[in-house]
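Throughout, read-outs are computed from the coordinates displayed, never taken from laboratory work. Since we're looking at a predicted model, the values are computed, not measured. Cβ placement follows ideal geometry from the backbone for every residue including glycine, while neighbour counts extend to all protein chains displayed.
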Amino acid sequence: MSNPQVSIDELSVNTIRLLSVDMVQKANSGHPGLPLGAAPMAYVLWSRFLRFNPQDPKWPNRDRFVLSAGHGSALLYSLLHLYGYDLSLDDLKQFRQLDSKTPGHPESHITAGVEVTTGPLGQGFANGLGMAMAEAHLGALYNKEGHAPVQDHYTYVLVSDGDLMEGIASEAASLAGHLQLSKMIYLYDDNKISLDGPTSFAYTENPMQRFDAYYWHTQHVQDGNSLDEIENAIRVAQSVKDRPSIIAVRTIIGFGSPLAGSSKSHGSALGPDNVKATKKFYGFDPEQSFQVPAEVYEHLRQPGLKGAELQKQWEKDFAAYAKEFKADAEMFKLSFDGKLPAGWDKDLPVYTPADGELATRQASGKALDVLKKSVPFMFGGSADLATSNEMDKSGDDSFQPLHLERRNVWFGVREHAMGAAMNGIAHHGGLRTYGGTFLTFSDYMRAAIRLTALSESTATFVFTHDSIGLGEDGPTHQPIEQVLALRSIPNIVVLRPADANESTEAWRIAMTTPKSPVVLVFSRQKLPILDQTKLGSAREGVPRGAYILSEAQGGQPEFIFVATGSEVALAMEAQKVLEKDGTPTRVVSMPSWELFEHQDKAYRETVLPPSVRKRLAIEAGSPIGWHKYTTDEGGVVAMNRFGASAPAELLFEKFGFTVANVVKRAKAVLAGHPEEEKVEKKQVVAKGN
């Protein structure tokens, strides 16, 4: 197999290429064009720059590599196998197959060495921003003069034309340039081909001039097969200390195949004859598959062995650091182990009705203030809505180029990038991240939240202004379907607290939920504080998702209200009327469907007894899904249309969130008529010619 006229560099690059081609061909599914074109830059990066240890993929000071162009996953799997990670040749042969370690797009919780789950284009671009932010902040927080750095690594991201077209990349690039994140180096696979054809059909700008405007350092490599040119460009990028870098590497998609330069090599297998022709081009046996010369294995295992030595030295340096800075060292280890400091929650506030009414967003802000004092590695902020989200808005603790040690991130009006950057921060390790905006803008963040859930990662997404209670801003800003949409995502916990004490408990859950993102949904308007001495305990009930807040007189309900958020107080008032009229009525607060569903059947039936089928759910959002809890004999008071622009109290009256209407609906249910009220809808009439 060996050809003495071919250098080990060239043989290694071609092995990476052809392993990728074989994976895609065997699966008859995938994207062979990117690996064929981008393998040289990946080889240079992994062999000459990237610091990693395949035996410990989570070494805290490793360099991070993100394949934002996740459709080229075969390239990443080839790299992981050849450079010594726990990914066998047999694993490569199971590419895109059921339960394999080589899924169609990289997934961090499945494959060792995959730093973050990418897929939708642009997400990995912004994940890299989060990782670079985490490295910069942790370095400023822990590194001490006279000691080797505790955190000092690069974040490298391989991006495609599609990544740069997606708007999320522009948001992330803008923030990265502002923050001057110089250890952020992106390799742009500039092949001028997208899935449907030439990028010139939709993309004629000069993207590097755009990045110049974002305050990035930009370079061009004209020959994507020139290893030395690529190496020189990366070294120049590393020398830049005041801005991120992007290197446009001119490549040919599908290089070496009969489909080179064509979109036909982008999104489907080359086909048996084209695979053979490609192998002939590279001097490999066209009749053999998954070929790895022994000298390639030996050569490509060297960077990982060097990385293991680098980790040993880092651990030795860290031990010396820990002797002088014991508290910092313990906090660093604690954070990367995913643990919390002792007593982290002892000062979380507890409220009584004497404290007066409080919006749950305000209660959230008070809880967050406590957590930032007790957990030094809290790191997050708001998308230019800190005043509304009740997060730090003074700027005194703002994470900025000259103050990277500070913990409050000004994401700017960039919800797309904020969500994906949070995902990158969480995957980096060492920090607890959170981000806030209005609930209606969760739509902008949905892809990132979904990927956080898919990858079994943790982050706290804080959404305020949770209903028509937002008021005068009107229906463009009033969320209706958003809570339902978030609840529909698998592996997520959504909490909509009813008062200040439930809000405190919601934050406690957010800090202790492993392997799932937590979404906290808070009100704009002030709400009464429920009396913990007379009602169900939020501390005990909220972690169970739903609990008996107010029991029926005599303890045997004939009717049950189930409500969340601001509507719980409404249910409490309606309960008084029904009880006075002779109907024993229970009020159940249900801040989280997901947590309730995790309880055993006995508990669930204690809260919602199967024998009591007369029920009414109340939530100022979509009614979809509530019938599961109200039975076929119950009803729902909810929103079946968009809101309107008016003060909140007028909106609640207009849309039926009043004691009178709730009691009316409850009595209709009791009378056997649970049908929902008809909702005013604008008629759209098609006009003839």
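Work through the residues other than Asp328 whose Cβ is under 14 Å from its Cβ and net out their charges, Lys, Arg +1 and Asp, Glu -1. Don't jump to the answer; show the numbers that get you there.
Values: positive: Lys144, Lys323, Lys326, Lys333; negative: Glu145, Asp317, Glu324, Glu330, Glu405.
Spelling it out: positives minus negatives among the neighbours equals -1.
Would you please put 473-480, 502-509 in order of how densely packed they are, using the mean number of other Cβ atoms within 10 angstrom per residue and starting with the highest?
On the way: 473-480: 18.4, 502-509: 25.2.
Ranking the peptides 473-480, 502-509 by packing returns 502-509, 473-480.
If you average the C-alpha positions of the stretch 169-207 and of the stretch 583-624 separately, how far apart do those two centres end up, in angstrom?
48 Å
What is the mean projected area of the alpha carbon convex hull for the stretch 405-539, to one decimal in square nanometres? Write down the numbers at each step before the final one.
Details: hull surface 36.4 nm².
Its average projected convex-hull area is 9.1 nm².
Assuming a viscosity of 1.567 mPa s and a temperature of 4 °C, what translational diffusion coefficient in µm² per second does Stokes-Einstein assign to the stretch 528-595, Rh being the Kirkwood radius over Cα pairs?
Numbers: Rh = 12.0 Å.
Here the translational diffusion coefficient equals 108 µm²/s.
Ranked from highest to lowest mean number of other Cβ atoms within 10 Å per residue, what is the order of the peptides 280-291, 389-400? The partial results should precede the final answer.
On the way: 280-291: 14.7, 389-400: 17.4.
Peptide ranking by packing, descending: 389-400, 280-291.
For the stretch 458-474 and the stretch 299-373, what is the centre-to-centre distance using only Cα atoms, to the nearest Å?
28 Å
What FRET efficiency would be calculated for the residue pair Lys339, Ser537, taking the C-beta separation as r and a Förster radius of 22 Å, to the nearest 0.05? Walk me through the numbers before you get to the answer.
Numbers: r = 26 Å, r/R0 = 1.20.
Efficiency, rounded to the nearest 0.05: 0.25.
Quick one: length gained pulling Glu472 to Ala202 fully straight, 0.36 nm per residue minus the C-alpha distance? List each step's numbers first, then the result.
On the way: separation 270, 0.36 × 270 = 97.20 nm, distance 3.96 nm.
Residue separation times 0.36 nm, minus the Cα-Cα distance, leaves 93.2 nm.
Report the antiparallel proportion of the DSSP beta bridges in the chain as a percent, rounded to a multiple of 5. Please report the intermediate quantities before stating the final value.
Details: 8 of 62 bridges.
Expressed as a percentage, antiparallel bridges in the chain total about 15.
If you count, for each residue, the other Cβ atoms within 10 Å and average over each peptide, how do 47-60, 450-463, 596-609 line up from highest to lowest? It would help to have the intermediate numbers written out before the result.
Numbers: 47-60: 18.2, 450-463: 24.1, 596-609: 14.0.
Output ranking for 47-60, 450-463, 596-609: 450-463, 47-60, 596-609.
Each label point is 7 Å from the Cα along the Cα-to-Cβ direction; what then is the distance between the points at Val350 and Asp86, in nm?
So the two model labels end up 4.4 nm from each other.
I'd like the per residue volume of the convex hull spanned by the Cα atoms of the stretch 582-638, given in cubic angstrom. Present the calculation step by step, with values, prior to reporting the outcome.
Values: hull volume 5.4 nm³, N = 57.
Dividing the Cα hull volume of the stretch 582-638 by its residues yields 94 Å³.
Please state the charge dipole magnitude for the chain, taken about the Cα centre, from unit charges on C-beta atoms (+1 on K and R, -1 on D and E), reported in debye and rounded to the nearest 20.
Details: 69 positive and 82 negative charges, 129 e Å.
Using only the charged Cβ atoms, the result is roughly 620 debye.
To the nearest 500 deg cm²/dmol, what mean residue ellipticity at 222 nm is calculated for the chain from DSSP H runs of n ≥ 4 alone, each contributing -39,500 (n - 2.57), summed and divided by the residues? Working shown, then result.
On the way: 26 runs with 278 residues, N = 689.
Per the formula, -12000 deg cm²/dmol.
If I model a spin label as a point 7 Å beyond the Cα along the Cα-Cβ vector, how far apart are those points for Asp600 and Ile624 in nm?
Between Asp600 and Ile624, the simple spin-label model gives 3.5 nm.
Dimensions of the stretch 81-161 along principal axes (Cα, Å, largest first)?
49, 29, 20
I'd like the distance separating the alpha-carbon centroids of the stretch 11-69 and the stretch 126-154, in whole Å.
When both Cα centres are located, 25 Å separates them.
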